[in-house]
Amino acid sequence: MPGNVAIALALLLSAVVAAPAAADAVVEVLQAPAWLARDGKRLPLAAGAELRAGDQVLTGGESRAQLKLADGSRVKLGENGSLRLETLSVRREGARLLRATLRVLEGAFRLTTDAASRSRYRREIDVQFTTVTAGIRGTDIWGRNFGDREVVALLEGSVTISRGADQALELKEAGTYYQAPAGGEPSVQTLPPERLEEWAQQTEIRAGGGAQSRTGSWNLDVARFDGQDGALALYDRLRDDGYPARIRPVREGARNLYIVRLEGFATRVEARALGDRLRQAYPGVSPAASRR
């Protein structure tokens with residue numbers, strides 16, 4: 001493929017999953033590496049990416065993803081996680097209603113809905129873990145499959161929980177959690193504050209962790225190249241590894257340069273934090289933060 005055509009294609013692909021139009025779900029904040037699996041393809045997940053039913057979001061080590069649903073609810077996925085949007089539909093006219101089935105395949109998960117969102121929409125959300133399903137009608141829950149047990153913690157509101165042939169039960173008391181051991185009887189227990197804090201941190205975006213957002217105004221120029229081949233090679237490698245890189249051709253004097261860039265950092269600190277990680281993972285690059 002001729003170099004100029006390859007660069008043009010790279011620029012097009014960089015924007016494919018980050019269009020700013022209205023959507024039923026969107027990636028609000030991201031701590032890479034992370035990926036979007038759609039229609040048999042795997043792309044790097046980008047802040048601002050629009051999501052639809054059938055999409056799968058995957059996070060890597062030390063990664064987080066925060067999604068915003070059309071009703072304002074926020075879905076948070078911890079590191080080494082996998083979340084499939086099995087179904088997702090919104091009725092915006094009349095009595096507004098969000099219907100969704102979210103399947104948590106791996107990792108820690110949290111769904112939160114603030115008071116303003118609850119007043120604007122009704123919601124019918126089923127969160128499916130390996131054997132446990134939590135039916136949500138407007139609440140704040142946290143859940144995870146720990147391997148030897150599945151856990152759903154109620155932080156606010158109420159949730160209906162079912163597992164196989166077991167009788168469904170409703171959690172109504174904030175600060176309790178349902179625990180289903182593999183092959184054992186489920187139980188409901190009180191959630192100690194220190195455990196709540198520990199679990200909550202598994203899904204929260206860490207300050208200074210290199211997070212990108214839809215509104216961030218800082219860039220990270222990972223590397224600059226005189227030739228297109230070097231830029232395309234790094235671009236491909238970063239995107240395969242779950243970083244939503246872009247290529248920006250620039251003119252400096254008589255030279256054409258090609259900058260491999262990551263965008264959307266809220267502060268210089270966030271951009272530099274990811275730059276430090278990339279410097280260790282990709283020898284030879286010299287990441288530098290710049291204001292958009």
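The values are calculated or read from the model by the stated rules, or taken from the named source; none is laboratory data. Remember, it's a predicted structure, so these values are computed and weren't measured experimentally. With ideal geometry, Cβ positions are generated from the backbone for all residues, glycine too; neighbour counts draw on all protein chains shown. All accessible areas refer to the heavy atoms of the entire protein, side chains included, with ligands and DNA or RNA removed. Shrake-Rupley method; radii C 1.70, N 1.55, O 1.52, S 1.80 Å.
Per-structure values
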item: Number of the exception - Ala46 against (1) in a strand (DSSP E or B); (2) under 9 Å from the mean Cα position of the chain (by Cα); (3) of a type outside the set (Ser, Thr, Tyr); result: (1)
item: Segment 62-77: number of residues that are modelled with pLDDT of 95 or more and part of a loop (DSSP other than H, G, I, E, B); result: 1
item: Residue check for Thr130: touching a residue at least 12 places away in the same chain (Cβ under 8 Å), farther than 25 Å from Val90 by Cβ, part of a loop (DSSP other than H, G, I, E, B) and of a type outside the set (Asp, Glu); result: yes
item: Complete set of residues in segment 113-145 that are out of contact with any helix residue (DSSP H, G or I) (no Cβ under 9 Å at 6 or more places or on another chain), modelled with pLDDT of 85 or more and open to solvent by 30 Å² or more (accessible area, probe 1.4 Å); result: Glu124, Asp126, Gln128, Thr130, Thr131, Thr133, Asn145
item: Residues of segment 181-239 that turn out to be over 30 Å from Thr160 (Cα atoms) and not hydroxyl-bearing (Ser, Thr, Tyr), as a count; result: 30
item: Subset of segment 59-97 that is without any contact (Cβ under 8 Å) to a residue 40 or more places away in the chain and closer than 21 Å to Ala273 by Cα - its residue that is least open to solvent (accessible area, probe 1.4 Å); result: Ala65
item: Counted residues, segment 244-292 - those being at positive phi and of a type in the set (Val, Ile, Thr); result: 0
item: Which listed residue is outside any loop (DSSP other than H, G, I, E, B), closer than 22 Å to Glu263 by Cα and of a type outside the set (Lys, Arg), from Leu30, Leu98, Leu85; result: Leu30
item: Segments classed as strands (runs of 3 or more DSSP E), wholly inside segment 161-238, with at least 1 members that are within 19 Å of Val132 (Cβ to Cβ), touching a residue at least 24 places away in the same chain (Cβ under 8 Å) and open to solvent by 20 Å² or more (accessible area, probe 1.4 Å); result: 176-181
item: Filtered residue count, segment 31-76, keeping only those that are farther than 19 Å from Thr113 by Cα and among the hydrophobic types (A, V, I, L, M, F, W, C); result: 13
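Let's see how each residue does on (1) modelled with pLDDT of 95 or more; (2) in contact with a Phe, Trp or Tyr (Cβ under 8 Å, 6 or more places away or on another chain); (3) open to solvent by 60 Å² or more (accessible area, probe 1.4 Å):
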position	(1), (2), (3)
Ala245	yes, yes, no
Arg251	no, no, yes
Asn256	no, no, yes
Phe265	yes, yes, no
Asp276	yes, no, yes
Arg279	yes, no, yes
Tyr282	yes, no, no
